[in-house]
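Only the coordinates and a few stated rules stand behind these numbers; no lab work does. Please read these numbers as outputs of a predicted model, since none were measured by experiment. Heads up, the Cβs are rebuilt from the backbone with ideal geometry, glycines too, and the neighbour counts pull from every protein chain shown.
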Amino acid sequence: MKSVWFVFWGLGVGLLGVGVGRLPAQAEPAPLFAPVLPEIWQRLPQGLQMRLPATLPDRPEPLYPFVRSNPEGLLVYLSIDPECNQPSCSVGGAAVFTEEGFADWQRKLEDAEPLSLPNNIQGYFLQIGEDDEADNFILWQQ
C-alpha cells in the first residue's frame, strides 16, 4: 500500500480518529460526521483511508460537514452554516491525500514545525497567516 498524507485544520481538532477504509478504528468519529460517512465511503479514492476526529472542541454553534473529493484525495469540511457547502465558509476539517495530491502541501512543510505523534509517527504543525487570521494545520504521512 502506498503511503498517504493526512491533514487536520482549524478548531483545535483532536487526533483520535476512525479508519474509514481498511485500517482498524482507534475511536468512533464524532457524531456530527455520521451523515457524511456513507458519502465518504462512496467517494474515497482507491487505496486511501480516512481519519476523522473522535471529539471536537465545544462551540456555541453547531457544525455541519460536507465532502469534496478527486482522484488524489478527499476533504471533509466543517461549516457553521448548514446551507453552505463551499470551502470558503468552512471553519476546519480533515483531509487525506495521495502522494501526488499532497504535492502542493509538500513545499509548505519547509515552514512547518516537527511534531511527535503517537505510535512513533512524525507529524508537522503548520501555521499559515498570523494572529487571529492564522490557519493551523497538523499533517502527517502514514
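Positive end of the dipole of the chain (Cβ unit charges, origin at the Cα centre): among Pro87, Val36, Tyr124, the Cα lying farthest that way belongs to Val36.
Here the convex hull built on the C-alpha positions of the range 5-141 has a volume of 117 cubic angstrom per residue.
Under the criterion of Cα pairs below 8 Å and six or more residues apart, the relative contact order for the range 5-141 equals 26 percent.
How large is the helix-only mean residue ellipticity at 222 nm for the chain, computed as the sum of -39500 (n - 2.57) over DSSP H runs with n ≥ 4, divided by its residue count, in deg cm²/dmol to the nearest 500?
On the way: 2 runs with 13 residues, N = 142.
Only helices count here, giving -2000 deg cm²/dmol.
Roughly speaking, what is the centre-to-centre gap between the range 63-88 and the range 128-142 when only Cα atoms are used, to the nearest Å? Taking the Cα centre of each part, the range 63-88 and the range 128-142 sit 17 Å apart.
Order these peptides, 100-112, 67-79, by their mean beta-carbon neighbour count within 10 angstrom, highest first.
Highest mean packing first, the order is 67-79, 100-112.
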